[in-house]
Amino acid sequence: MRRFIMAAAAVFVAGMSHAAPLPEAEPSQVGFSKQGLARLDDFFAREIAAKRVPGAVVAIARDGRLVHYKAYGQLDPAKDTPMPIDAVFALASMTKPMTAVAGLTLMEQGRLPLQAKLTEYYPAFGEMKVGVPQPDGSLKMEPQASPIHIHDLYRHTSGLMYGGRPDSSSPLVRLYPDGIAPALEGDTQAFIERIAKLPLAHQPSTAFEYGFSIDVLGAVVEQVSGQRLGDYLAANVWGPLGMKDATFHPSEAQRERLAHPFANDPLTGKPQAIKLLDAQTRFDCGGACSFATVGDYLRFGQMLLNGGELDGKRILSPKTVHHMTSNHLGPEIKNNVANVEPHRGGFGFGLGVAVRTSEGLSSVPGNPGEFTWNGAYGTQFFCDPQERLVVVVGTAAPGELRKYYRENVQDIVYGAMVK
């Protein structure tokens, strides 16, 4: 098994020059130990041999130069298909930073300010009540003390949440759908109507609550731009950046490269699936429904690290990127970021990305200013401006094991840096 994994990686790395998403460099040229990076090979060899993950693609760039770009294991364990370097991954919540960038391009045009009220675009949100849990398990409905602003959508302080979360004791969880259900069941308007009838989990602008906020932002982008979200992203982000496989609706050819999980969760033995691999969404949900290759997303991350530009194509201004990747959870807002990702102690949240605000506290190495987010199906990205570092990982691991890979990959990457 180990020989198969390493042979597959070697084949794809050997052919990397014609497909590399960024210029290449030897690890030692940008402060990495080649032996340290080889620990990624060993790590995934162990995990794949133990049948804990089918496969992975990992890309690491420093100073804008690619130092590690490898595919491991299998694309589809049911078919014994080797993992190609251009595997297409269901990104789940790694869709959110791209939707945020779409919204910020409109902000730069003077068309979508952060302090605009959400009711200017979708009046139904003004009628939403705040559901306050009572000791008997009921909900007391209270009016909004202040309206939801566009700013609240970016930083998850709207009061909207996700359902289907086993980590929450709130009775509101039972009322909300899971992250992709609305996109499979109806169009944008049906989604807005469904969500706006539910109670908010918090008063707007008072607490970080992970949920449908950026899906709603995507709907606002559609209304302001007059385009489907995917079309707007293709014209203003994906196309200019050369993100060739980024899409909400994979073609038949792309579907042949979709990464698939094991049929059963390796930890629990229970059935698991990535629904989007077999079902088409009915609207472009900005919080969870896009697809791309690891190489595509590396270019997106490098653009942000560069201050909004890549290969002569400017997407955002440096000042806007700085604002996006700064912490927007002030002392008056309850910071629940580490409740979503346990290794994110010491993180706040910016405009669509988590932001490291302090040394220590987190269980993974990094520096203040690091910005990041992940996807529930097993994808990961983080950028460390201080280290000029971008890392993107693709796996098809929708169970709790995905968090184990996020932490270990970051540990290995920083452990391989020698200066």
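Only the coordinates and a few stated rules stand behind these numbers; no lab work does. Keep in mind that what you see is a predicted model, and the values were worked out from it rather than measured. Please note: Cβ atoms are built from the backbone with ideal geometry, for glycine as well, and neighbour counts cover all protein chains shown.
See the values below:
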quantity: Positive-end extreme of charge dipole, the chain - chosen from Leu217, Ala25, Gly378 (charges on Cβ); calculated: Ala25
quantity: Magnitude of the charge dipole, the chain, Cβ model with Lys/Arg +1 and Asp/Glu -1, debye to 20; calculated: 500 debye
quantity: Cross-link pairs beyond the 23 Å C-alpha cut-off, checked among Lys275/Lys403; Lys140/Lys403; Lys197/Lys275; Lys197/Lys270; calculated: Lys140/Lys403; Lys197/Lys275; Lys197/Lys270
quantity: Between region 33-110 and region 269-322, the Cα center-to-center distance that results, in Å; calculated: 12 Å
quantity: Theoretical ellipticity at 222 nm over the chain - DSSP helices of four or more residues, -39500 (n - 2.57) apiece, nearest 500; calculated: -8500 deg cm²/dmol
quantity: Assigned charges on the beta-carbon of Lys, Arg, Asp, Glu; region 287-395 dipole about Cα centre (debye); calculated: 180 debye
quantity: Residue-wise HN-Hα coupling along region 126-141, computed from phi with Karplus coefficients 6.51, -1.76, 1.60 (Hz; x: Gly, Pro); calculated: x, 8, 5, 9, 9, x, 9, x, 10, x, 7, x, 7, 10, 8, 8
quantity: Using θ = phi - 60° and Karplus 6.51 cos²θ - 1.76 cosθ + 1.60, couplings along region 54-71 (whole Hz; Gly, Pro as x); calculated: x, x, 7, 10, 10, 10, 10, 10, 9, 6, x, 10, 7, 10, 8, 8, 9, 10
quantity: Arg174 paired with Lys275, simple spin-label distance in nm, labels 7 Å along Cα-to-beta-carbon; calculated: 2.0 nm
quantity: Sites Lys334 and Asp265 - FRET efficiency at Förster radius 30 Å, r taken between beta-carbons, to 0.05; calculated: 0.45
quantity: For the chain: relative contact order, % (alpha-carbon pairs under 8 angstrom, 6 or more apart); calculated: 22 percent
quantity: Length released on extending from Glu185 to Asp42, taking residue separation times 0.36 nm less the Cα-Cα span; calculated: 47.3 nm
quantity: Taking region 226-296 and dividing mean pair separation by its residue count, relative contact order in percent (alpha carbons under 8 Å, at least six apart); calculated: 42 percent
quantity: Amide H within-cut-off set for Gly345, under 5 Å, with H built and near neighbours excluded; calculated: Ser363
quantity: Pairwise label distance in nanometres, Lys79 with Ser363, each label 7 Å out on the Cα-Cβ vector; calculated: 3.5 nm
quantity: Fully extended contour minus Cα-Cα distance, from Tyr404 to Arg282, at 0.36 nm per residue; calculated: 40.7 nm
quantity: Under 20 Å from Lys313, Cα to Cα: lysines that are on another chain or at least 8 residues apart; calculated: Lys244
quantity: Within straight-line cross-link reach of Lys319, aspartates and glutamates at Cα separation under 16 Å, skipping those fewer than 8 residues along the same chain; calculated: Glu108, Glu309
quantity: Most positive-pole-ward Cα, Leu310, Ala190, Phe44, against dipole of the chain from beta carbon charges; calculated: Phe44
quantity: Cβ-Cβ FRET estimate between Gln386 and Ala124, R0 fixed at 45 Å, reported to 0.05; calculated: 0.55
quantity: Partners for Lys96 among aspartates and glutamates (Cα-Cα distance below 18 Å; same-chain residues under 8 apart left out); calculated: Asp152, Asp178, Glu209, Asp215, Glu222, Asp231, Asp245, Asp284, Asp296, Glu341, Glu370
quantity: Amide N proximity, region 96-127 versus Arg314 label position 7 Å along Cα-to-Cβ, cut-off under 11 Å; calculated: none
quantity: Amide H contacts of Arg65 (H built 1.01 Å from N, under 5 Å, at least 5 apart or other chain); calculated: none
quantity: Cα centroid separation, region 157-210 to region 332-360 (Å); calculated: 20 Å
quantity: Calculated FRET efficiency for the pair Gln223/Ser138, C-beta based, R₀ 22 Å, to 0.05; calculated: 0.05
quantity: Net lengthening on full extension, Arg194/Ala50 (0.36 nm per residue, minus Cα-Cα); calculated: 47.6 nm
quantity: Residue with peak Gaussian network fluctuation, the chain [Cα springs, cutoff 10 Å], from Tyr297, Tyr210, Tyr154; calculated: Tyr210
